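Everything below concerns the one structure shown next.
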Amino acid sequence: MTRPETVPAPRRKRRGVVQTIAAAPHALWCVLFILAPMAFVVYYAFTDADGAFTIYNINEVFSASYLRILERSILYALVATAICLVLAYPLAYAITKMKARHQPQIIMLLMLPMWINLLIRTYSLKILLETNGVINHALAWVHLGPVHFLNSNFAIILGMVYNYLPYMVLPIYSVLVKIDRRLIEAAQDLGCNSRQVLGRVTFPLSLSGVISGITMVFVPSISTFFISKSLSDGRVKLIGDVIETEISMHNVAAYNIGSALSFVLMVLILVSLFVTNKFGEKDGGVIV
């Protein structure tokens, strides 16, 4: 019996040094631009204008006015995520059924809007939804307009779906396209129809992509501020809008409240990531 080859200790030590040096820039980036800002947020969230420890800012976040905005932000993010999932899964599934040479072209078309800045995409959507916009002109031809889309909950949720839908499609597609076709053929041989194959084989095996897509849509949706600010002219405020307003005041008291709001939002995002990761850790399997 041959003994497994072992790497000499000096070589392992050199490899460890090289890996440490290679990872140093990334570690420095994380400390400067992730950990340090989070530390400042926590500091200002739990201190007053004089730097003394207090929980007044956190209590203020859960007051009636701020809590209403927080609930609205969570609701809009959940609705936008659900709509994206309902639209994205059939689309991703349909793309996988196309010929292999056509699939990259469709994915490229989905990615094209993401090459444009978020501000430009949102302003373009605003122009389409205006009272004198293209959509209302089209509705006028069939005597159904004008419809006041802007300054409404519908416009904000539509803006979220429009901007973040590709983030749901791509993870689902990347998982669906890798599913072993032999599993589907085996289910069909055992008597499963198309609906049963989708529900018992395809969807469970694609669950990791669904969870990734939910995370990638929910997190930016709950923290967005420009979409709501642009499509409602500031009339409908989300938690991101309030944070942006507080920070823009450029005084310590506003920083404290803004940081407290950011801290609560950060906790919500971390909880959502923890929950989705817990589901993601479970390997997709065939439901019997």
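Any residue at all in region 138-147 that's in a helix (DSSP H, G or I), modelled with pLDDT of 85 or more and not small (Gly, Ala, Ser)?
Yes, region 138-147 contains a residue that is in a helix (DSSP H, G or I), modelled with pLDDT of 85 or more and not small (Gly, Ala, Ser).
Cβ-Cβ under 7 Å, sequence separation 6+ or interchain: first residue in region 199-215 and within 22 Å of ALA186 (Cβ to Cβ), partner surrounded by fewer than 22 Cβ atoms within 10 Å (Cβ to Cβ) and hydroxyl-bearing (Ser, Thr, Tyr). Which pairs?
So the pair list comes out as GLY209/SER174.
For region 61-74, give me each residue that is among the hydroxyl-bearing types (Ser, Thr, Tyr) and either over 23 Å from the mean Cα position of the chain (by Cα) or exposed (fewer than 11 other Cβ atoms within 10 Å of the Cβ) (or both).
Answer for region 61-74, where residues must be among the hydroxyl-bearing types (Ser, Thr, Tyr) and either over 23 Å from the mean Cα position of the chain (by Cα) or exposed (fewer than 11 other Cβ atoms within 10 Å of the Cβ) (or both): SER63, SER65.
Scan region 75-89 and tell me whether some residue there is assigned to a helix (DSSP H, G or I), at negative phi, surrounded by fewer than 17 Cβ atoms within 10 Å (Cβ to Cβ) and over 24 Å from the mean Cα position of the chain (by Cα).
Looking for residues that are assigned to a helix (DSSP H, G or I), at negative phi, surrounded by fewer than 17 Cβ atoms within 10 Å (Cβ to Cβ) and over 24 Å from the mean Cα position of the chain (by Cα), one finds none in region 75-89, hence no.
Is one or more of the residues making up region 183-192 modelled with pLDDT of 90 or more and either buried (at least 16 other Cβ atoms within 10 Å of the Cβ) or at positive phi (or both)?
no
Determine if region 210-230 includes at least one residue that is charged (D, E, K, R) and either within 30 Å of PHE53 (Cβ to Cβ) or buried (at least 19 other Cβ atoms within 10 Å of the Cβ) (or both).
Within region 210-230, one or more residues are charged (D, E, K, R) and either within 30 Å of PHE53 (Cβ to Cβ) or buried (at least 19 other Cβ atoms within 10 Å of the Cβ) (or both).
Here is a list of conditions, (1) modelled with pLDDT under 90; (2) within 24 Å of the chain's Cα centre (by Cα); (3) assigned to a helix (DSSP H, G or I), and GLY209 meets all of them except one; can you say which number that is?
(1)
Any residue at all in region 82-94 that's out of contact with any helix residue (DSSP H, G or I) (no Cβ under 9 Å at 6 or more places or on another chain), modelled with pLDDT of 90 or more and β-branched (Val, Ile, Thr)?
yes
Taking MET1 as the residue in question, decide whether it is within 27 Å of the chain's Cα centre (by Cα), at pLDDT below 90 and not small (Gly, Ala, Ser).
The answer is no for MET1.
In the list ALA45, ALA92, which residue meets the criterion of being crowded, with 17+ Cβ neighbours inside 10 Å and under 30 Å from LYS178 (Cβ atoms)?
Answer to the selection: ALA92.
Residue by residue, here is whether (1) part of a loop (DSSP other than H, G, I, E, B); (2) over 24 Å from the mean Cα position of the chain (by Cα); (3) modelled with pLDDT of 80 or more; (4) surrounded by 12 or more Cβ atoms within 10 Å (Cβ to Cβ) holds:
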{"site": "THR245", "(1), (2), (3), (4)": "no, no, yes, yes"}
{"site": "ALA254", "(1), (2), (3), (4)": "no, yes, yes, yes"}
{"site": "ALA260", "(1), (2), (3), (4)": "no, no, yes, yes"}
{"site": "VAL267", "(1), (2), (3), (4)": "no, no, yes, no"}
{"site": "THR276", "(1), (2), (3), (4)": "no, no, no, yes"}
{"site": "GLY280", "(1), (2), (3), (4)": "no, no, no, yes"}
{"site": "GLY285", "(1), (2), (3), (4)": "yes, yes, no, no"}
{"site": "VAL288", "(1), (2), (3), (4)": "yes, yes, no, no"}
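Provide a single number: the residues in region 149-163 that are of a type in the set (Gly, Ala, Ser) and surrounded by fewer than 19 Cβ atoms within 10 Å (Cβ to Cβ).
Going through region 149-163 one residue at a time, the tally reaches 1.
ALA100 passes all but one of (1) at pLDDT 90 or above; (2) within 25 Å of VAL201 (Cα to Cα); (3) not β-branched (Val, Ile, Thr); which number fails?
The single condition ALA100 does not satisfy is (1).
Would you check if there is a residue in region 164-175 being buried (at least 17 other Cβ atoms within 10 Å of the Cβ) and not in a helix (DSSP H, G or I)?
no
The values are calculated or read from the model by the stated rules, or taken from the named source; none is laboratory data. The shown structure was predicted, so the numbers you read here are calculated from the model rather than taken from an experiment. Here Cβ is always computed from backbone atoms with ideal geometry, including for glycine, and neighbour counts include all displayed protein chains.
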